[in-house]
1. Per residue, how much accessible surface does segment 248-301 expose to a 1.4 Å probe? Answer in Å², no decimals.
2. As a test of reading the structure, rank W141, W313 by solvent-accessible area (1.4 Å probe, protein chains only), most first.
3. Please give the contour-minus-distance gain from S116 to Q368: 0.36 nm per residue of separation, less the Cα-Cα distance, rounded to one decimal in nm.
4. Once the other residues with Cβ under 15 Å from the Cβ of N2 are scored (Lys, Arg +1; Asp, Glu -1), what is the net sum?
5. Excluding ligands and nucleic acids, what accessible area in Å² is computed for M289 using a 1.4 Å probe, to the nearest 10?
6. To the nearest 10 square angstrom, how much accessible area does L353 have with a 1.4 angstrom probe?
7. I'd like the distance between the alpha-carbon centres of segment 274-300 and segment 27-104, rounded to an integer number of Å.
8. Which net charge results when you count Lys and Arg as +1 and Asp and Glu as -1 among the other residues whose beta-carbon is under 13 Å from that of Y125?
Amino acid sequence: MNTIERMDEKAFENSFALAQYAFQLDTSETSKKRYAHLMAHSVTYGSVEDNQLASQVMMTPFQVSFFGKTFPMAGIGFVASDPAFRGQGNIDQLMSAMLKDCHEKKMLFSYLAPFSYPFYRRYGYELLFERAKLEISSHNWQDSPKVNGYIKRQQWPEIKEIVTKIYATSTKNKNGSLKREDWWYDYKFALKKAMEFAIYYTKEGKPAGYLAYTIENGCFICQEWICLLPEAYQGLNRYIYSHKDSTHKIIYEHGFDGHTNFFLQARPFEKLEVRPEMMVRIVDVKAFMEIFPWQNLRQSFAICIKEDKYAPWNEGTFEIHLHPNEIKQVEKTQLPTLTISMQQLTQLFLGYLSLEEVKFYGNLEMSQELEENVKAILPSQKPILEDYF
């Protein structure tokens, strides 16, 4: 008989061994240190059978940005099962326990990076973030005009505070992104493979942009590129260009919001790949509706969620009232109703899909009179994410 347990740091060796087997992790001390660092800031749920760890799910609390505010989010990672115990419903039990805890802790969202999109749809998750990978020959990278500032190549941790302030100040990552905590910066930059950092300073000596990158097998790989001023972009772009004789290819990956900086290049990128990445689910629909910006709402209406097997508190009908402003969960409603799945609700109300797209593919039910009302309240900016877990 299996039991569901919250594993503490004493269970590190068993947890790492299962993750290592499932994901073929490096077994070096550096890899173990990074895993231990994440585990220390997470809650790891384990399914134990005959004193053996059969399956696990790691949940890491984060804060994420939506609608100009930050909200609690559960980041899910290292979901793994020992092959000897697969097919016994252990992951179902772990995901149920995790979502129940998240609901009780008032965590509004949950993110995860899937090994299978269909598999995680069963738990109410759906694609929300995409990533773009651009490749171009180094000699074809477009140079920029000379600027008044200067660039210094520096190492972590001396520039940790600079990177932290620039990222927090940037308006680029405000819709869906992580509000990075101090420990996460170390996990992302210091405990991973060694990165180089180029910092752009204005002529007054104020940091205004940074570039995190690696050079591997003759490729210049931009890992993260954040700028607060146009001159910082131009300065760091020139810095990349200066590698045209020492590398043969430049690769730039970034969260995709429907746009690239293609228009800044005199020559086309030789390869542009957009791929699906992280999935998201709303943990508590009523709580989400209470924080959603309804200022453009023109009339009261209702939203009906028919099924949410692993978060049953979300099933039912929710009335959104204009006067007075309130959200009610009701048995029946006389209001015009939008009937939609958890997955499409997440994509629609967080800006990944438009109402026309969801309607075209028949993934919602609503009256014609309601369409313009719903369209007026939906976000127009596509969410982006620069972190992975």
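1. Details: 2710 Å² over 54 residues.
Accessible area per residue: 50 Å².
2. Numbers: W141 5, W313 65 Å².
Highest to lowest solvent-accessible surface, that is W313, W141.
3. On the way: separation 252, 0.36 × 252 = 90.72 nm, distance 3.54 nm.
Going from the current span to full extension adds 87.2 nm.
4. Details: positive: R6, R86; negative: E5, E49, D50, D82, D92.
Counting the neighbours of N2, the net charge comes to -3.
5. So the heavy atoms of M289 present about 0 Å² to solvent.
6. L353 has an accessible surface of roughly 40 Å² with all protein chains in place.
7. Cα centroid to Cα centroid, the span is 24 Å.
8. Values: positive: R121, R122, R281, K309; negative: E126, E277, D308.
Charge balance in the 13 Å sphere: +1.
The values are calculated or read from the model by the stated rules, or taken from the named source; none is laboratory data. Remember, it's a predicted structure, so these values are computed and weren't measured experimentally. Glycine gets a Cβ as well: all are built from the backbone with ideal geometry, and neighbour counts include every protein chain shown. Surface accessibility is based on the protein's heavy atoms, side chains included, excluding ligands, DNA and RNA. Shrake-Rupley method; radii C 1.70, N 1.55, O 1.52, S 1.80 Å.
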